[in-house]
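Read-outs: derived from the displayed coordinates by stated rules, not from any lab. Keep in mind it's a predicted model, so treat the numbers as computed, not measured. Backbone-built Cβ (ideal geometry, glycine too); neighbour counts: all protein chains shown.
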Amino acid sequence: MKNPFIIYLILAAGVFSCGPATQVTGSWKNDKAPSAKIQSIMVTALTGRANARQTVENDLARALEKDGYKAVKSFDVIPPTFTQGKSPDKEALLEKIKGTDVDAILTVALIDQETENRYVPGSYGYAPMTRFGYYGRFWGYYNTWYPTLYSPGYYAEDKIYFLETNLYDAKTEELLWSGQSETYNPGSLTEFSKEFSSVVLAKMEKDGALK
């Protein structure tokens, strides 16, 4: 007979591992904007962390190219040294983007983050005597339930990141699409970036922002 505590852990792991860590919670499409074929897109992650910026831009570009778009990473056009620690100059920035001849600009920004504490109760259970044979002997009963006696509850922290993704017309700067997403407890920057790119681009295509 398998230990019910082990079975509980397996089932719990299955429940909590289901579904993506990133989910789009809301989106908006500008139906009044002139319909134009988008073939090339500049992707830019608005963060001061160079590693995070490169990782997200690389994965977004890779996902877009897989769907047949030409992707330009802003890191290659507007490196961290572009502003020299000052506020960006609008004309200089737009000139850089115009030089890439892209149709649209895709931005990603972290707009908020939260930490939530939740209580995870200790493992326990009740199994009627008629169901399990190990009730008939002390050692069988003790050995089966011993692990649960020393599995107290504990508090766990959940990290939640709220991101906003916008798609702009490169020529008019008009907002074409906007979406907000939540990411729960990302295992790593690499895992988050790949999943985020896949989930958000799928939503954009579903909304008709990308065709």
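Observations
- In the structure shown, the pairs Lys70/Lys194; Lys86/Lys211; Lys66/Lys98; Lys73/Lys203; Lys86/Lys194 are assessed against 29 Å; a Cα-Cα span above that value is assigned to Lys86/Lys211; Lys86/Lys194.
- Fraction of the pair-distance distribution of region 154-199 above 12 Å, Cα-Cα pairs, percent: 70
- Trypsin sites (Lys or Arg not before Pro) restricted to DSSP loop in region 59-114 with at most 12 other C-beta within 10 Å: Lys86
- Radius, Kirkwood style, for region 50-123 when every pair of distinct Cα atoms is counted (Å): 15.2
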